[in-house]
1. Can you confirm whether segment 296-309 contains a residue that is in contact with a Pro (Cβ under 8 Å, 6 or more places away or on another chain) and surrounded by 14 or more Cβ atoms within 10 Å (Cβ to Cβ)?
2. Output the number of the condition that Thr116 fails; it satisfies all remaining conditions of (1) surrounded by 14 or more Cβ atoms within 10 Å (Cβ to Cβ); (2) modelled with pLDDT under 80.
3. So, in segment 240-257, how many residues would count as being modelled with pLDDT of 90 or more and touching a helix residue (DSSP H, G or I) at 6+ places or on another chain (Cβ under 8 Å)?
4. Is it true that Lys160 is within 20 Å of Arg242 (Cα to Cα) and at pLDDT below 85?
5. Given the conditions (1) out of contact with any Phe, Trp or Tyr (no Cβ under 9 Å at 6 or more places or on another chain); (2) surrounded by fewer than 14 Cβ atoms within 10 Å (Cβ to Cβ), report the number of the one that Ser288 does not fulfil.
6. Consider Gly226 carefully, then state whether it is out of contact with any strand residue (DSSP E or B) (no Cβ under 6 Å at 6 or more places or on another chain), on the phi > 0 side of the Ramachandran plot and small (Gly, Ala, Ser).
7. Checking Pro222 against (1) in the same structural domain as Asp186 (by TED's automatic domain parsing); (2) over 30 Å from Val196 (Cα atoms), which single condition isn't satisfied?
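The values are calculated or read from the model by the stated rules, or taken from the named source; none is laboratory data. Only a predicted model underlies this, so the values are computations on that prediction, with no experimental measurement involved. Here the Cβ is made from the backbone with ideal geometry for all residues, glycine too, and neighbour counts use every protein chain on show.
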Amino acid sequence: MSKGSEFIKDYFSFSRRERTGIFTLLVLIVIAAIWPSFWPGAEEPPVSAADKQALEQLAASIANNKDDSGTLEPQEKTRFTSKFTGEGVAAGPMFYFDPNNASEADWRALGLRDKTIGTIGRYLAHGGRFRKAQDLSKVYGLRKTEYERLLPWVRIQTVKAERTNEYQYPKTERAAEIKRSVGVIDINLADSAAWVALPGIGPALAGRILRFREKLGGFYTPDQVGETWGLPDVVFQKIKQRLQSDHPTLRQLDINTIDANTLRQHPYLRWNLANAIVQYRNQHGLFSSKEDLLRIALIDQATLDKISPYLTFSNPVKKE
């Protein structure tokens, strides 16, 4: 082999370390070449002719609907947000609303999610109130786009306070008239409208009171109303003097025939207590009176006084 051939062979031959380095370099070059295609926002997707035409029509529509100050009218702004942002899309046409009185159906029609609607409901149920339209921005979970879309449509009804403090009405003829108009209600006969007429009670709280009354089987004392979940004590103290219970008719449970699963559905008789009652009955026989329940370790006198109005003690005659 000539010296020229040996020179060329030696020049183009590589050691193992050199070959490894060259391979690594090639891999890095390939990665660098394809990396931009995986980087978010590195390249905008192509816009189709139809999309381009739609955007041009939108721009022309916005230009034609600006007011004198150069800003969009609320309704046009709503259509823009609803059609193109994809966030907080309104289910129907926008309308003016008071956030303190809007129902769940109203909020859904305005495009809010159920989770946000629940947050607003809990805020109002605990005595909260929207004083101005901008207070909507404080709602946890309400997106900025949703807030901006709703803001132009908020109309809060202002009510002048007739009270000197949280609990008492001032001694004026107008205050006395307001107090008389609400009157006293029977806690077992009052419907939702009667509860809402009381100060501090909205539709959500009225519904909870009615559901609690149904689960109990009726109230035997006004104090039970205060046990309603979500009813602030400050609100209950304001309405307590307007609650009465004349000759309540309670739905009673036959303690000698009912099973544990049915008994546990009562708000005052959860599983541990219901199961203990049934197990004791199975082992020792039927209960003849409410005092027999005191033999159960889980029941003391206070518990017995609380549950006994809802219990009846049948004693069926055994067949011979």
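1. no
2. Every listed condition holds for Thr116 apart from (2).
3. As a first pass, look at segment 240-257 and keep what is modelled with pLDDT of 90 or more: 240-244, 250-257.
Of the ones still in play, those that are also touching a helix residue (DSSP H, G or I) at 6+ places or on another chain (Cβ under 8 Å) are 240, 242-244, 250-253, 255-256.
Counting residues in segment 240-257 that are modelled with pLDDT of 90 or more and touching a helix residue (DSSP H, G or I) at 6+ places or on another chain (Cβ under 8 Å) gives 10.
4. Values: within 20 Å of Arg242 (Cα to Cα): no; at pLDDT below 85: yes.
It is false that Lys160 is within 20 Å of Arg242 (Cα to Cα) and at pLDDT below 85.
5. That leaves (1) as the condition not met.
6. On the way: out of contact with any strand residue (DSSP E or B) (no Cβ under 6 Å at 6 or more places or on another chain): yes; on the phi > 0 side of the Ramachandran plot: no; small (Gly, Ala, Ser): yes.
Criteria not met by Gly226.
7. The number of the failed condition is (2).
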